[in-house]
Amino acid sequence: MVDESLFADVKKKIPGSSMPDTKTDGRQPMSQKTDLRELTLEQLRAFLAGLGKEGFRAKQLMRWMYCRGVSDFSCMTDLSKEFRAELEQRATISNWHPETVETSIDGTRKYLFRLADGETIESVRIPMEGGRATLCISTQVGCAMGCRFCLTGCFGLTRNLTPGEIVNQVCAAQTDGKVNNIVMMGMGEPLHNLENVITALRILYAEEGLDFGPRRVTLSTSGLVPQMLELGSRVRVGLAVSLNATTDEVRDRIMPINQTYPLAELMRACRAFPLQSRDRITFEYILIRGVNDSLRDAKRLVGLLHGIQAKVNLIAYNEHYGSEFKSPTERDIEAFQRILLHSGMVAVRRASKGRDISAACGQLKGRLDKSRSREEQDHS
Ligand code: SAH
Ligand code: SF4
């Protein structure tokens, strides 16, 4: 059960953000046509009802779009010619191709997509054991949260992605090989774009479409407490929380969102988050040398997570030009992990893959914008 009192502070302001939740996306004013990629099954049904079409047509269209990967109405041969012509008039199905694809020596692939308004986002395909693949997708262009260690955070928020822009990253990557799992851990804070993210999840879950079960999708948040609880009450999804500190003093400093939702509130929300019996909340903990990697931090972390069905992902801080922080030593990481394991916790070390192509955690978009600003300087 979700503790409703936790919604009380829903109006608290998110630091660095003056943008409302859903109006900052890139929906196209230039075209009056409806992009069917933006619609859940229910919404598609309503759209088709507006054209006087039967409900079952929605599933039929979903199968064409997502199972067969067809975006051209004229190829949908089991629809009448008149219906196809009407769809042509009223609707469109966006079909993305990456502008560039970079492949790392470890097999990680980074896709860069240019959006209709010229903005760019990135998604990363990460090869996993047994030939499986996880796709890391973006939910915003930039991010308003301003975490001190994160390159995306250095650039601020440009805009929210629409549901279709979130889903299209998956569709485009699927044409390059099967995607088994999705993580919303790319650019942006998914819970700062809650409505569009929930709509995107519903599209990803549709059985007659991409058919991702909720256990195959994980959403990572820096800890927007009211939105976390709202998410839990509306849709099922794996939850990951970027914790990264064990005291308010340190978390306030490296993650400004903590000044709005301090650790005690965040942990209370995690305890209230609805979980199925086999599910766990993943806590991501970036180890930054001399900031949050001491043995006292490890012990405090054990205390903080007491009683939560938790799994800890330990990630060595990935150094980049946007910050002075340093990675910890191997010995420090091992010692930190040992304390967690000895106390009976599930604690996994996560390697940052795709470093050579700037696809590792917190690096997305960074290199592109850096080279762009260099170009701008060159041209000035
Ligand atoms: N905004 C969400 C999801 C995107 S960030 C969130 O913060 O959870 C995805 C992950 O990358 C987060 O766990 C974040 O802590 C991590 N990250 C950001 N910068 C990093 C860096 N320089 N090194 C290692 N991990 C980093
Ligand atoms: Fe945003 Fe996540 Fe980066 Fe923080 S870590 S700035 S919330 S993308």
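Relative to the Cα centre, what is the charge dipole magnitude of the chain, using +1 at the beta carbon of each Lys and Arg, -1 at the beta carbon of each Asp and Glu, and rounding to the nearest 20 debye? The partial results should precede the final answer.
Working: 52 positive and 47 negative charges, 149 e Å.
Computed about the Cα centre, the dipole is about 720 debye.
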| note | Note, Ala206: beta-carbon cut-off 15 Å, +1 each Lys/Arg, -1 each Asp/Glu, net +4
| query | Hey, if you put +1 on the Cβ of every Lys and Arg and -1 on every Asp and Glu Cβ in region 77-134, which of Thr100, Pro127, Leu112 ends up farthest toward the positive end of that dipole? | reply | Pro127
| task | Could you check which residue among Ala46, Ala359, Ala172 shows the biggest mean-square fluctuation in a GNM of the chain with a 10 Å Cα cutoff? | result | Ala46
| note | Farthest towards the positive end of the dipole of the chain, among Phe83, His342, Val70 and with Cβ unit charges of +1 on Lys and Arg and -1 on Asp and Glu, lies the Cα of His342
| What are the residues whose amide H is under 5 Å from the amide H of Ala133, where those residues sit 5 or more places off or on another chain and H is modelled from the backbone? | Met128, Asn180, Asn181
| task | For every other residue with a beta carbon closer than 13 angstrom to the beta carbon of Ser242, add +1 if it is Lys or Arg and -1 if Asp or Glu, then tell me the sum. | result | +1
| message | Whole angstrom only: what separates the Cα centroid of region 294-316 from the Cα centroid of region 128-195? | response | 25 Å
| field | His306 versus Ala116: modelled label distance in nm, points set 7 Å from Cα along the beta carbon direction | value | 5.3 nm
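Would you order Val346, Val124, Val183 from fewest to most other beta-carbon atoms within 10 Å of each residue's own beta-carbon? Kindly include the intermediate steps, with their values, before the conclusion.
Values: Val346 13, Val124 29, Val183 19.
By the 10 Å Cβ count, ascending: Val346, Val183, Val124.
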| message | Please compute the modelled spin-label separation between Asp106 and Arg349, points set 7 Å along Cα→Cβ, answer in nm with one decimal. | response | 1.2 nm
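If we count other beta carbons within 10 Å of each Cβ, what is the order of Ser294, Ser242, fewest first?
Values: Ser294 16, Ser242 25.
Ordered by Cβ neighbours within 10 Å, fewest first: Ser294, Ser242.
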| query | Where does the charge balance sit around Lys311 when Lys and Arg score +1, Asp and Glu -1, over other residues with C-beta under 13 Å from its C-beta? | reply | +2
| request: Going by C-beta contacts inside 10 Å, put His306, His192 in order with the fewest on the left. | output: His306, His192
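So in the chain, what percent of DSSP beta bridges are antiparallel if you round to the nearest 5? Intermediate results must be reported in sequence, preceding the final value.
Values: 17 of 44 bridges.
Close to 40 percent.
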| task | Please find, in a Gaussian network model of the chain (springs between Cα atoms separated by less than 10 Å), the residue of Lys299, Lys110, Lys353 whose mean-square fluctuation is greatest. | result | Lys299
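Taken together, the values in this text are just the output of simple stated rules run on the coordinates, not laboratory data. This one's a predicted model, so the numbers in the text were calculated from it and none came from an experiment. All Cβ positions, even for glycine, are placed from backbone atoms using ideal geometry, and neighbour counts span all protein chains on display.
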